[in-house]
Amino acid sequence: MEQNVDEFVRSVIITASNSPDSSVGPETQLVDINMDSLALASVIAQVEAVHQLELEPEEVVRIFGSATVGDVIAAVSEVLCARA
């Protein structure tokens, strides 16, 4: 499941940021690929829709506090594992 979550979140970020696939990895800084709060909200909405859940406010805050793609992946993975 973890690999699928990693790739899913990464692909959603690639789409939301209009970045080339090869330029987005776990260490990529969100600011470097123009991920603003609206783009992160889009990522959150897609996670909620695909996994049929509603994130708690503190979970959303953690995602919004992310600095890298890897931070977003870790935050989403943690939420999904806690709810499994």
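Cβ separations smaller than 7 Å between residues 6+ apart or across chains give the following pairs from segment 56-84 residues that are free of Cβ contacts under 8 Å to residues at least 40 places away in the same chain to residues that are hydroxyl-bearing (Ser, Thr, Tyr): Phe64/Ser37; Ala75/Ser66. Within segment 1-16, take every residue that is surrounded by fewer than 18 Cβ atoms within 10 Å (Cβ to Cβ), charged (D, E, K, R) and in contact (Cβ under 8 Å) with a residue 40 or more places away in the chain and give me the one that is farthest from Phe64 (Cα to Cα). Ranking the qualifying residues of segment 1-16, first place goes to Glu2. The residue list Ser42, Ser23, Ser19 contains one member that is among the small types (Gly, Ala, Ser), surrounded by 14 or more Cβ atoms within 10 Å (Cβ to Cβ) and more than 12 Å from the chain's Cα centre (by Cα), which is Ser19.
Per-residue answers, yes or no, for (1) among the aliphatic types (A, V, I, L, M); (2) modelled with pLDDT of 95 or more:
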residue: Asn4; (1), (2): no, no
residue: Asp21; (1), (2): no, no
residue: Val24; (1), (2): yes, yes
residue: Thr28; (1), (2): no, yes
residue: Asp36; (1), (2): no, no
residue: Glu48; (1), (2): no, no
residue: Leu55; (1), (2): yes, no
residue: Ile63; (1), (2): yes, no
residue: Val69; (1), (2): yes, yes
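The values are calculated or read from the model by the stated rules, or taken from the named source; none is laboratory data. Everything numeric here is computed off the predicted structure, so don't read it as measured data. A quick note on method: Cβ atoms are made from the backbone with ideal geometry, for glycine too, and the neighbour counts reach across all protein chains shown.
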